[in-house]
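First the structure, in the form of C-alpha coordinates, and then the observations on it.
The values are calculated or read from the model by the stated rules, or taken from the named source; none is laboratory data. Just so it is clear, the model here is predicted, and its values are computed rather than measured. Please note: Cβ atoms are built from the backbone with ideal geometry, for glycine as well, and neighbour counts cover all protein chains shown.
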(Lines give C-alpha, C1' and ligand atoms only; values in the text may rest on other atoms or scores of the structure.)
Protein backbone atom coordinates (compact mmCIF):
# COMPACT_ATOMS: atom_id res chain seq x y z
CA UNK A 1 0.00 0.00 0.00
CA UNK A 2 2.85 2.39 0.78
CA UNK A 3 4.47 1.69 -2.56
CA UNK A 4 1.24 2.55 -4.37
CA UNK A 5 0.92 5.75 -2.34
CA UNK A 6 4.52 6.65 -3.18
CA UNK A 7 3.94 6.03 -6.89
CA UNK A 8 0.81 8.20 -6.84
CA UNK A 9 2.66 11.01 -5.05
CA UNK A 10 5.51 10.86 -7.56
CA UNK A 11 3.01 10.79 -10.44
CA UNK A 12 1.22 13.85 -9.02
CA UNK A 13 4.39 15.94 -8.71
CA UNK A 14 5.83 14.88 -12.07
CA UNK A 15 2.65 15.20 -14.13
CA UNK A 16 3.55 17.39 -17.15
CA UNK A 17 1.89 20.79 -17.22
CA UNK A 18 -0.08 22.15 -20.16
CA UNK A 19 2.90 24.16 -21.36
CA UNK A 20 5.09 21.07 -21.54
CA UNK A 21 2.55 19.23 -23.71
CA UNK A 22 2.28 22.16 -26.09
CA UNK A 23 6.02 22.82 -26.17
CA UNK A 24 6.86 19.23 -27.09
CA UNK A 25 4.17 19.14 -29.79
CA UNK A 26 5.39 22.49 -31.10
CA UNK A 27 8.97 21.18 -31.28
CA UNK A 28 7.88 18.04 -33.15
CA UNK A 29 5.90 20.03 -35.71
CA UNK A 30 8.66 22.60 -36.22
CA UNK A 31 11.18 19.82 -36.84
CA UNK A 32 8.78 18.43 -39.43
CA UNK A 33 8.60 21.80 -41.20
CA UNK A 34 12.38 22.18 -41.18
CA UNK A 35 12.90 18.69 -42.61
CA UNK A 36 10.34 19.34 -45.33
CA UNK A 37 12.07 22.61 -46.18
CA UNK A 38 15.41 20.78 -46.44
CA UNK A 39 13.86 18.33 -48.93
CA UNK A 40 12.85 21.19 -51.20
CA UNK A 41 15.28 22.38 -53.80
CA UNK A 42 17.75 24.70 -52.13
CA UNK A 43 17.49 28.30 -53.29
CA UNK A 44 20.31 29.41 -55.55
CA UNK A 45 20.16 33.12 -54.82
CA UNK A 46 19.66 35.57 -51.97
CA UNK A 47 15.97 36.14 -52.77
CA UNK A 48 15.26 32.43 -52.74
CA UNK A 49 16.95 32.05 -49.37
CA UNK A 50 14.96 34.95 -47.95
CA UNK A 51 11.75 33.41 -49.28
CA UNK A 52 12.57 30.08 -47.69
CA UNK A 53 13.32 31.74 -44.33
CA UNK A 54 10.04 33.66 -44.53
CA UNK A 55 8.13 30.45 -45.28
CA UNK A 56 9.76 28.78 -42.26
CA UNK A 57 8.80 31.68 -39.98
CA UNK A 58 5.22 31.72 -41.29
CA UNK A 59 4.98 27.97 -40.76
CA UNK A 60 6.15 28.39 -37.18
CA UNK A 61 3.57 31.11 -36.54
CA UNK A 62 0.83 28.93 -38.01
CA UNK A 63 1.84 25.98 -35.83
CA UNK A 64 1.77 28.17 -32.73
CA UNK A 65 -1.72 29.42 -33.61
CA UNK A 66 -3.00 25.91 -34.31
CA UNK A 67 -1.60 24.60 -31.04
CA UNK A 68 -3.07 27.52 -29.08
CA UNK A 69 -6.52 27.16 -30.64
CA UNK A 70 -6.92 23.43 -31.23
CA UNK A 71 -4.90 21.60 -28.58
CA UNK A 72 -6.56 20.85 -25.25
CA UNK A 73 -4.86 19.38 -22.19
CA UNK A 74 -6.97 17.46 -19.68
CA UNK A 75 -5.25 17.24 -16.30
CA UNK A 76 -6.15 14.25 -14.15
CA UNK A 77 -3.57 15.12 -11.45
CA UNK A 78 -1.49 11.92 -11.78
CA UNK A 79 -1.47 11.99 -15.58
CA UNK A 80 -2.66 14.30 -18.35
CA UNK A 81 -4.02 13.85 -21.84
CA UNK A 82 -3.25 15.86 -24.99
CA UNK A 83 -6.24 16.25 -27.30
CA UNK A 84 -6.80 18.06 -30.54
CA UNK A 85 -10.21 19.58 -31.29
CA UNK A 86 -11.51 20.20 -34.77
CA UNK A 87 -15.11 20.67 -35.88
CA UNK A 88 -16.51 19.82 -32.43
CA UNK A 89 -14.64 16.50 -32.46
CA UNK A 90 -11.77 15.74 -30.14
CA UNK A 91 -9.10 13.13 -30.58
CA UNK A 92 -6.51 12.00 -28.07
CA UNK A 93 -3.02 12.45 -29.49
CA UNK A 94 -0.87 12.05 -26.38
CA UNK A 95 -0.55 11.31 -22.70
CA UNK A 96 1.67 12.86 -20.07
CA UNK A 97 2.98 11.05 -17.02
CA UNK A 98 6.09 11.02 -14.83
CA UNK A 99 7.57 14.11 -16.46
CA UNK A 100 7.18 12.88 -20.04
CA UNK A 101 4.69 13.39 -22.84
CA UNK A 102 4.12 10.46 -25.16
CA UNK A 103 2.26 10.99 -28.41
CA UNK A 104 0.14 8.31 -30.04
CA UNK A 105 1.70 6.04 -32.59
CA UNK A 106 -0.63 7.48 -35.23
CA UNK A 107 0.74 10.98 -34.67
CA UNK A 108 4.34 9.80 -34.61
CA UNK A 109 3.75 7.70 -37.75
CA UNK A 110 2.12 10.65 -39.54
CA UNK A 111 5.08 12.83 -38.68
CA UNK A 112 7.56 10.12 -39.69
CA UNK A 113 5.83 9.61 -43.05
CA UNK A 114 6.19 13.31 -43.79
CA UNK A 115 9.91 13.30 -43.04
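When the stretch 91-113 is limited to residues that are surrounded by 12 or more Cβ atoms within 10 Å (Cβ to Cβ) and part of a helix (DSSP H, G or I), the one that is modelled with the highest pLDDT turns out to be 107.
Against the conditions (1) modelled with pLDDT under 80; (2) within 23 Å of residue 95 (Cα to Cα), residue 48 satisfies every one except (2). Regarding residue 32, is this residue surrounded by 15 or more Cβ atoms within 10 Å (Cβ to Cβ), touching a residue at least 24 places away in the same chain (Cβ under 8 Å), under 23 Å from residue 105 (Cβ atoms) and touching a strand residue (DSSP E or B) at 6+ places or on another chain (Cβ under 8 Å)? Here the answer is no, as residue 32 does not meet what is asked.
Name the one entry in 84, 78 that is assigned to a loop (DSSP other than H, G, I, E, B) and touching a helix residue (DSSP H, G or I) at 6+ places or on another chain (Cβ under 7 Å). Unique residue meeting the criteria: 78.
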